[in-house]
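Only one structure is covered here, and it is reproduced in the block below.
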Number of protein chains: 2
Amino acid sequence: MHSRMSLLHSLATDNEKKMVLLVMDGLGGVQGADGLTELEKAQTPLMDRLAAESELGLLSMVDVGITPGSGPGHLSLFGYDPLSWSIGRGILEALGVGAHVGAGDICARGNFCTVGSEGIIVDRRAGRIPTEESAKVVKKLQDAIRSIDDVQVTFYPGLEHRFVVVFSGEGLCEEVNDADPQKEGLPMRWAVAQNEKARRTEEIINAFIKEVWDVLNDEHPANGCLLRGFSSAPHIPSLGELYKIKPVALATYPMYRGLASLVGMDVRDAGETLEQLFHAVGTYWDDYNFFYVHVKYTDSRGEDGNFSEKVRVIEDVDRLLPKILDLRPDVLAITGDHSTPAILAGHSWHDVPLLLWSPYARRSGAAEFGEKSCAQGNIGHMQGEKLMGLMLAHSLKLNKYGA
Amino acid sequence: MHSRMSLLHSLATDNEKKMVLLVMDGLGGVQGADGLTELEKAQTPLMDRLAAESELGLLSMVDVGITPGSGPGHLSLFGYDPLSWSIGRGILEALGVGAHVGAGDICARGNFCTVGSEGIIVDRRAGRIPTEESAKVVKKLQDAIRSIDDVQVTFYPGLEHRFVVVFSGEGLCEEVNDADPQKEGLPMRWAVAQNEKARRTEEIINAFIKEVWDVLNDEHPANGCLLRGFSSAPHIPSLGELYKIKPVALATYPMYRGLASLVGMDVRDAGETLEQLFHAVGTYWDDYNFFYVHVKYTDSRGEDGNFSEKVRVIEDVDRLLPKILDLRPDVLAITGDHSTPAILAGHSWHDVPLLLWSPYARRSGAAEFGEKSCAQGNIGHMQGEKLMGLMLAHSLKLNKYGA
């Protein structure tokens with residue numbers, strides 16, 4: 001365990017205080033022609049009022065200049081150094097389609113492909129078959145293949161030619177090379193164990209692929225599959241054990257529910273809309289004392305490069321905020337997992353605005369919540385992974401260090 | 001030695017410049033209803049004038065969200081990473097009652113207790129006997145017991161049933177378990193060495209306890225003692241050797257004199273009042289070039305939860321400041337060892353305001369010394385342990401690093 005984490009662990013105590021971490025995905029932005037960022041442009045009377053009573057700052061999720069993926073961004077928000085703890089791409093893709101990857105399971109990213117004569121991979125993406133067609137193929141496979149040699153097999157459909165498969169059984173090992181020739185026109189490259197421990201997993205994977213090919217023999221163009229990124233769920237110490245809290249995740253997208261479950265949060269039904277998401281906080285209010293609430297659409301509109309729609313999502317969140325404020329949380333942090341400026345239409349390296357409200361917040365005297373007021377805020381620039389400890393401090397859940 | 005410390009050590013040179021580190025214990029605060037913290041509320045014309053000519057910043061003594069005890073807070077101010085260097089609870093308690101713990105000595109926290117028939121510990125605190133009565137018992141013991149088997153024994157009275165004992169002699173070892181059954185109604189649990197090296201210390205401690213019980217045989221309720229927290233003075237490199245300075249501590253409370261002596265400062269008489277403390281700086285001005293001046297009452301009033309009295313102490317310090325300014329120090333730092341906001345009536349995790357004056361200070365252009373102006377100051381957020389090096393720099397005592 002790393003030193004800040006073990007320090008916090010040694011100081012943590014339980015109490016009745018309740019914390020809310022409201023994450024607007026990709027919140028941070030860059031100004032448009034009038035000099036205002038998405039957050040600054042948005043009419044957010046409630047967040048502005050909160051800002052006046054809050055500590056403000058800017059979070060660096062990984063390091064200066066580094067653009068975080070959703071995995072590292074969230075690990076940092078949850079208090080884990082994202083350079084020490086990592087979540088494999090296979091796992092993240094699995095979480096993204098809602099797959100459950102338990103301890104000891106191995107998951108992989110699958111492509112449907114077109115196999116030609118003598119096992120030559122003619123098209124690695126099976127002509128990018130439509131998502132609906134791909135889902136039908138997945139169903140056919142799941143009906144035909146339930147297990148390979150006592151190892152249970154679970155399929156999850158993805159977008160276009162993509163799917164995810166999870167292998168559940170004893171003695172599996174992720175140290176297996178991709179079953180994918182990488183280039184088209186080459187013969188199939190089968191899975192190869194990287195060491196003796198992974199030998200059985202190699203055999204199961206290759207037997208599985210052959211069975212898929214058999215089942216799909218009469219299909220076209222998706223008459224085979226490739227598998228990449230074999231990975232098991234990472235061993236991450238759970239938030240509850242680390243900090244003596246009872247955390248719950250409320251998120252409308254599977255990837256974020258999955259990320260939260262990897263760090264030991266309970267995952268409860270948050271519905272599908274923003275309204276349902278905010279309503280869910282009240283539904284579970286009595287059962288938990290740490291609420292991770294994830295708003296996806298700020299990031300989605302940023303990824304679309306749509307400045308004004310990102311502004312609108314932020315305004316929607318401000319309008320729904322009373323559903324949280326009326327519950328009277330003891331600590332409320334509002335931030336993002338990374339920036340997604342519309343001007344870049346993608347994740348960026350820019351630090352993320354943070355508002356931290358508690359009765360013990362040292363006020364910054366700001367008039368609004370925005371990148372500029374946060375840059376002037378009393379928290380200053382802070383590593384994202386320190387936020388969790390700061391929230392614990394404001395909820396009076398940490399003992400004094402040393403006499 | 002740790003890397004920043006060894007870097008500073010390698011660059012340090014001697015000169016005639018004089019530095020003052022004025023520590024207002026628990027200085028940092030949190031705003032009241034009018035938005036002003038204790039420091040901001042205080043009328044401090046002199047500190048405000050200094051702030052305009054100073055570098056300002058906020059110090060984090062341990063890490064974000066961590067509430068420092070007095071030990072870690074001071075270690076950080078003195079330039080030691082408080083997560084690498086630590087001062088045991090036994091030592092701190094010993095320092096608090098003014099005990100001298102030299103190299104090789106072992107100290108312990110003592111309780112007077114009530115011993116029943118057959119060595120059962122009936123009351124671990126001897127009915128919490130009054131401090132004056134306890135002091136009489138300590139005197140009786142010191143008169144009767146001077147040494148055990150060539151090991152010198154020194155008693156120090158504490159509050160109520162508490163006292164401190166220091167063992168001074170050759171070959172002592174702190175690795176001995178507590179001589180305390182922890183619960184009442186159980187037979188005495190005698191000291192036990194944790195290893196062969198500590199065997200003699202175990203014997204001396206148990207012989208000592210038996211002798212105490214003999215001397216107190218006719219007393220009631222304090223007819224015995226328990227000993228806990230055996231510890232020797234930590235081996236901390238001295239400030240003088242590290243940085244080629246001649247440091248002195250001026251403090252009216254024993255714990256802070258003790259902390260300073262652990263890092264190799266001379267300790268001189270600072271009287272009992274704030275006036276005497278500030279006067280003492282002039283008294284010893286010619287003898288030293290680093291002055292640690294400790295004001296206790298800011299913390300005391302904060303611990304009382306008394307906002308207005310903490311304000312008043314800060315105003316008193318401002319009024320007495322000419323006693324230091326008239327000596328024309330080359331570098332003057334004014335800060336705290338941690339925050340003690342009246343609203344929390346205890347130590348807190350909030351960063352500590354820092355004012356650093358020297359002819360070479362890069363001015364922040366602030367109008368006053370307060371948490372908000374420090375948050376905007378040109379030093380920004382800084383680890384407390386870096387202050388010592390910054391003071392050395394401003395006193396031109398550090399050579400250039402590299403050609």
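The values are calculated or read from the model by the stated rules, or taken from the named source; none is laboratory data. Just so you know, these numbers come straight off a predicted model, no measurement behind them. Positions of Cβ are backbone-derived with ideal geometry, glycine not excepted, and every protein chain shown enters the neighbour counts. Note: areas computed on protein heavy atoms with side chains; ligands, DNA, RNA excluded. Shrake-Rupley method; radii C 1.70, N 1.55, O 1.52, S 1.80 Å.
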Tell me the distances, shortest first, between residue A:271 and the same position across the other copies, using label points 7 Å along Cα→Cβ, in nm to one decimal.
6.9
What does the structure give for B:55-66 when I average, per residue, the other chain Cβ atoms found within 10 Å of the residue Cβ?
5
Stretch in chain A that is longest and holds no GluC sites (Glu not before Pro) that DSSP places in a loop and that have at most 13 other beta carbons within 10 Å:
A:17-169
Within the range B:317-403, DSSP-loop chymotrypsin sites (Phe, Trp or Tyr not before Pro) with at most 14 other C-beta atoms within 10 Å are B:360, B:401
Based on alpha-carbon centroids, what's the gap between the range A:304-343 and the range A:156-188 in Å, whole number please?
37 Å
Under the convention of a label 7 Å out along Cα→Cβ, give the distances in nm from residue B:399 to the same position in every other copy, shortest first.
4.6
Using the crude model of +1 on Lys and Arg Cβ and -1 on Asp and Glu Cβ, and no other charge, please compute the dipole size for the range A:92-232 relative to its Cα centre, in debye to 20.
300 debye
Could you tell me what percent of the DSSP beta bridges with both partners in the range A:139-294 are antiparallel, to the nearest 5?
60 percent
For the pair residue A:220 and residue A:286, how long in nm is the line joining their label points, each one 7 Å along Cα→Cβ?
6.3 nm
Modelled FRET efficiency - R0 41 Å, residue B:160 with residue A:16, Cβ distances, 0.05 increments:
0.80
Comparing each residue of the range A:389-403 in the complete protein assembly with the chain by itself (heavy atoms, probe 1.4 Å, ligands and nucleic acids ignored), those losing at least 50 Å² of accessible area are A:400, A:401, A:403
Summing +1 per Lys or Arg and -1 per Asp or Glu among the other residues with Cβ less than 9 Å from residue B:164's Cβ gives +1
Taking only the C-alpha atoms, wrap a convex hull around the range B:350-389 and report its volume per residue in Å³ as a whole number.
74 Å³
If you add up the charges near residue A:208, with Lys and Arg at +1 and Asp and Glu at -1, over every other residue whose beta carbon is less than 12 angstrom from its beta carbon, what do you get?
-3
Would you mind listing how long chain A runs along its three principal axes, going by Cα atoms, in whole Å with the largest first?
72, 53, 38
Note down the magnitude of the dipole of the range B:150-303 about its Cα centre, charges +1 on Lys and Arg C-beta and -1 on Asp and Glu C-beta and zero elsewhere, to the nearest 20 debye.
400 debye
Counting only DSSP beta bridges fully inside the protein assembly as shown, the antiparallel percentage to nearest 5 is 60 percent
Share of carbon and sulfur in the accessible heavy-atom surface of the protein assembly as shown [1.4 Å probe, %]
48 percent
Area buried, chain A against chain B - accessible surface, total, 1.4 angstrom probe, square angstrom:
2300 Å²
For every other residue with a beta carbon closer than 10 angstrom to the beta carbon of residue B:265, add +1 if it is Lys or Arg and -1 if Asp or Glu, then tell me the sum.
+2
Averaged over the residues of B:381-388, the number of partner chain Cβ atoms within 10 Å of each residue's own Cβ comes to 1
Of B:282, B:342, B:317, whose Cα points farthest to the positive end of the dipole of the range B:266-358 (charges on the beta-carbon: +1 Lys, Arg; -1 Asp, Glu; origin at the Cα centre)?
B:342
Nearest 500 deg cm²/dmol is fine: what mean residue ellipticity at 222 nm does chain A get from its DSSP H runs of n ≥ 4 alone, each adding -39,500 (n - 2.57), divided by its residue count?
-9000 deg cm²/dmol
Once Lys and Arg get +1 and Asp and Glu get -1 on their Cβ, which of B:94, B:158, B:182 lies farthest toward the positive end of the dipole of chain B?
B:94
Dipole magnitude of the protein assembly as shown, debye to nearest 20 (Cβ charges: Lys/Arg +1, Asp/Glu -1, about Cα centre):
760 debye
If I ignore ligands, DNA and RNA and count only protein heavy atoms, how much of residue B:95 is accessible to a 1.4 Å probe, in Å² to the nearest 10?
10 Å²
Spatial extent of the range B:92-232: Rg and Dmax, with the Cα atoms as the point set, Å
13.8, 40
Working from the alpha-carbon coordinates of the protein assembly as shown, get Rg over Rh, Rh being the Kirkwood radius.
1.06
If you roll a 1.4 Å probe over the heavy atoms of the protein chains, what accessible area per residue do you get for the range B:115-192, in Å²?
53 Å²
Residue of A with Cβ nearest the axis relating A to B, plus distance in whole Å?
A:380, 3
Over the whole of A:364-376, what's the average partner chain Cβ count within 10 Å per residue? Rounded to a whole number, please.
1
Could you give the distance between the Cα centres of the range B:50-104 and the range B:365-403, to the whole Å?
18 Å
Considering protein heavy atoms only and a 1.4 Å probe radius, which residues within the range B:306-344 exhibit an accessible-area decrease of no less than 30 Å² in the full assembly relative to the chain by itself?
B:343, B:344
